[in-house]
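Everything on this sheet refers to the single structure shown next.
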Amino acid sequence: MSSQRGIAELWGALLIGATLPCCAVAQSATQQLPAVNSRDDRPLTQSLSATEVDTRRPVDLAVDPLRALSLVPGLLGSDRRNEAQDVRLSVRGFGARSAFGVRGLQIVVDGIPASLPDGQAQLSHIPWQADAAIRVERGPLAALAGNGGALIEVQTLGELTPGGQAELVLAGGGRRRLGAGYHWPSNAASSCAGCGLGLDVLLHENAGFRPHSAAERQQLAGRLSWADGGGGRWDARWHALNSLADDPLGLDRQQLAQAPDSTTSAALLFDTRKRLQHAEIGLGRTAASERWQWSVHVGNRQLRQFLAVPVAVQNSPTHPGGVIDLSRQAAGLQLSGGNQIELNDRGWRWRLRHDRQDEQRRGYENFVGQNLGLRGALRRDERNRASVSDGMVEGWWRRGDWLWRAGVRATELRARSRDRYINGSNSDDSGRSDEPAVLPVLAVAWQSTTHSQWQLSAGSGLDSPTLAERAYSPSGGGFNPDLRSTRHQQVELAWRWQASASLQLEAAAFALRSSDELAVVESSGGRTVFDNLGDGHRRGLELAASGEVGVAQWRLAATWLDARLRDGGLDQRLPGVATRWFGMQWQRPVGHDSTVGMDYFASAAVPVDLGSNERASGFGRLDLWWLRRAIFDSPIELGLRVDNVFDRRHAASVIVAERNGRYYEPAAGREWALSLGWRW
């Protein structure tokens, strides 16, 4: 796969994007997050439903970036082992409806929103590094951050400490990864005190453990920071991605049981594949007083994907074809200010934001004459736009052992589609939708003892339909203006107890009631139709614990979730999410420079569709790893891990509502991974 032209085009898009006028919003660049922290030194300053994740084992992120999230209660991530499709993420059932990609979650990467105004999000462009930090906010308070059910903040470019790093990873399935980065911070005596530059590059190749699943990816990331004469801090960050991946598609139940390493014949017949280019840049300034800040971002995404839609199906005059050709521009603007809850017993903070995305979406036949897997005649041409404008204000008051918090976010979602492919048998499918909402949140926290905290919170939120989910109407037409956001009300009781570093416990119980749940009502011939079916009911229990036994350290997380959809006589479990899952990590030092560890993850069965008894069976997986630092008294680290030690074959992920029966994406069998890292 040739990539020189792709890299040149990618940098061109990035430079063009940097010159575009901005009229929408980004989160301001966040500070470096602690590697592991679920407790603040000062009581009652953070939500008890926030979890900060350790990602500092070098081989983990290269092999499976979602491994670090397995110990976040309430979060279920699935590595498809298919780089033509983004990973699946759900938090308390939010995002579970997605067949591909991420829905219903607010994701911010290095201060730049990875979630678009219409509610969809991507993780493929994240330049995962060994010292990345992740923070996950669940519960009612997450609604203040944006639409969806949770906030996920990823920090790959932390403080610009001097030095560099390089890593080489070789893993099962023919995966090879080479990454390098260097940071140039200025010293206090220089003419630009507080300035710094950081650059990271990542090259990734994957031969694939299934036929027709090869992929390659090149990524660039950077950060530039400086101080101005007024004492303010400026921060610029950018990401760029170029990737090409074959798509092996899913397997049906019989294929999964008999030949889990196989590939569906349609993938080979139509040469299913995806080409993706992505570039974005964000710029922000924080005032010297840290009382206010602003930020902007712009981005460009180019995608071309070949699907396995049969030729006969495309004979329908309203069919969009088997090739997706998408060009997307996104931009944003955000202003925020106020007090810091960590430093003030009482105060308030506010935020104003506007985000916008513009898409040019074309569809083509995936054949030319008798030749399949080629771009053919035009079958779809439309211009889509989605935007969100919102304002948020939050206040708090601390008195003794109590902290009261109240906030409200007012938001308006707008979606537009202009059909440019109109002929005698294909009518005009243009349309528009506007949806305002006011979402209040209330929380009270109590420091019951020196080591124990409680938090009760309640609030409203919404989960908006994406432009892709609006693409088809149940009546058979195009853009669906009647599709409404799912509204929900959630109540949560959380508790945290920590006597010492040797033992820490966290628990949360929640109940959620929703209306106008979004679900797939039809999926065939490349058309997936969504509709508002009815009410949803979710309740769950989450537990996290960590501690030390001698020199060994352990962490675990367990989740029980009852998520159901009720519509008339229908009362079924929400597809795409298990009722129970459990993760555990254990590690201990061996000698002076080595550490050994064990990871275990188990999940109950996952239903794949409404009205179907099909489900991915439950499974358990054990991984072992070893890390050696200071090889030969040098700054070199050596890591080794064995995944799926007992060679259990199971479905790693599911494709929700895949009406061809190809619901299952298989996990690999036993695999080895070797990492070599160097820091200087």
Look through region 378-427, keep the residues that are in contact with a Gly (Cβ under 9 Å, 6 or more places away or on another chain) and among the aromatic types (Phe, Trp, Tyr), and return whichever of them is nearest to residue 365 (Cα to Cα). 421
Test residue 609 against the stated conditions and say whether it is of a type in the set (D, E, K, R) and assigned to a loop (DSSP other than H, G, I, E, B). yes
For region 176-199, state whether one or more residues are over 25 Å from residue 636 (Cα atoms), at pLDDT 90 or above and not in a strand (DSSP E or B). no
Among the residues of region 535-555, are any at negative phi, among the charged types (D, E, K, R) and surrounded by 20 or more Cβ atoms within 10 Å (Cβ to Cβ)? yes
Return the residue satisfying two criteria in turn: it lies in region 602-649 and is more than 30 Å from residue 165 (Cα to Cα) and touching a residue at least 60 places away in the same chain (Cβ under 8 Å), and of such residues it is surrounded by the most Cβ atoms within 10 Å (Cβ to Cβ). 603
Given the residues 418, 405, 362, which is the only one that is modelled with pLDDT of 95 or more and within 26 Å of the chain's Cα centre (by Cα)? 362
Name the one entry in 252, 235 that is under 12 Å from residue 664 (Cα atoms) and either surrounded by 21 or more Cβ atoms within 10 Å (Cβ to Cβ) or at pLDDT 95 or above (or both). 252
Filter region 361-392 for residues that are among the small types (Gly, Ala, Ser) and in a strand (DSSP E or B) and give the result. 363, 386, 387, 389, 391
If we scan region 527-538, do we find a residue that is touching a residue at least 40 places away in the same chain (Cβ under 8 Å), in a loop (DSSP other than H, G, I, E, B) and either closer than 30 Å to residue 306 by Cβ or of a type in the set (Ser, Thr, Tyr) (or both)? no
Across region 513-526, which residue is modelled with the lowest pLDDT among those that are crowded, with 17+ Cβ neighbours inside 10 Å and over 22 Å from the mean Cα position of the chain (by Cα)? 525
Kindly evaluate residue 327 against the criterion of being within 23 Å of the chain's Cα centre (by Cα), of a type in the set (Ser, Thr, Tyr) and at pLDDT 95 or above. yes
Scan region 561-576 for residues that are small (Gly, Ala, Ser) and in a strand (DSSP E or B) and report the count. 1
Could you tell me which numbered condition residue 400 fails, if it satisfies all but one of (1) farther than 26 Å from residue 141 by Cβ; (2) free of Cβ contacts under 8 Å to residues at least 12 places away in the same chain? (1)
Before we move on, is residue 395 part of a strand (DSSP E or B) and in contact with a strand residue (DSSP E or B) (Cβ under 7 Å, 6 or more places away or on another chain)? yes
Looking only at region 278-295, which residues are surrounded by fewer than 22 Cβ atoms within 10 Å (Cβ to Cβ) and either part of a strand (DSSP E or B) or not hydroxyl-bearing (Ser, Thr, Tyr) (or both)? 285, 286, 287, 288, 290, 291, 292, 293, 294
What's the total number of residues in region 362-387 that are closer than 18 Å to residue 415 by Cα and in contact (Cβ under 8 Å) with a residue 60 or more places away in the chain? 4
Which residue out of 220, 244, 203 is surrounded by fewer than 17 Cβ atoms within 10 Å (Cβ to Cβ) and assigned to a strand (DSSP E or B)? 203
Across (1) modelled with pLDDT under 95; (2) part of a strand (DSSP E or B), residue 444 clears everything bar (1)
Out of (1) surrounded by 15 or more Cβ atoms within 10 Å (Cβ to Cβ); (2) touching a Phe, Trp or Tyr at 6+ places or on another chain (Cβ under 6 Å); (3) of a type in the set (Phe, Trp, Tyr), the odd one out for residue 402 is which? (1)
It is to be established whether one or more residues within region 322-340 are surrounded by fewer than 20 Cβ atoms within 10 Å (Cβ to Cβ), touching a residue at least 24 places away in the same chain (Cβ under 8 Å) and assigned to a loop (DSSP other than H, G, I, E, B). yes
Looking at region 406-441, which of its residues are among the small types (Gly, Ala, Ser) and either loosely packed, with under 15 Cβ neighbours inside 10 Å or assigned to a loop (DSSP other than H, G, I, E, B) (or both)? 410, 424, 425, 427, 430
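The values are calculated or read from the model by the stated rules, or taken from the named source; none is laboratory data. Note that the coordinates shown come from a computational prediction; the quantities given were computed from them, not determined experimentally. Note that each Cβ is placed from the backbone with ideal geometry, even for glycine, and that neighbours are counted across all protein chains shown.
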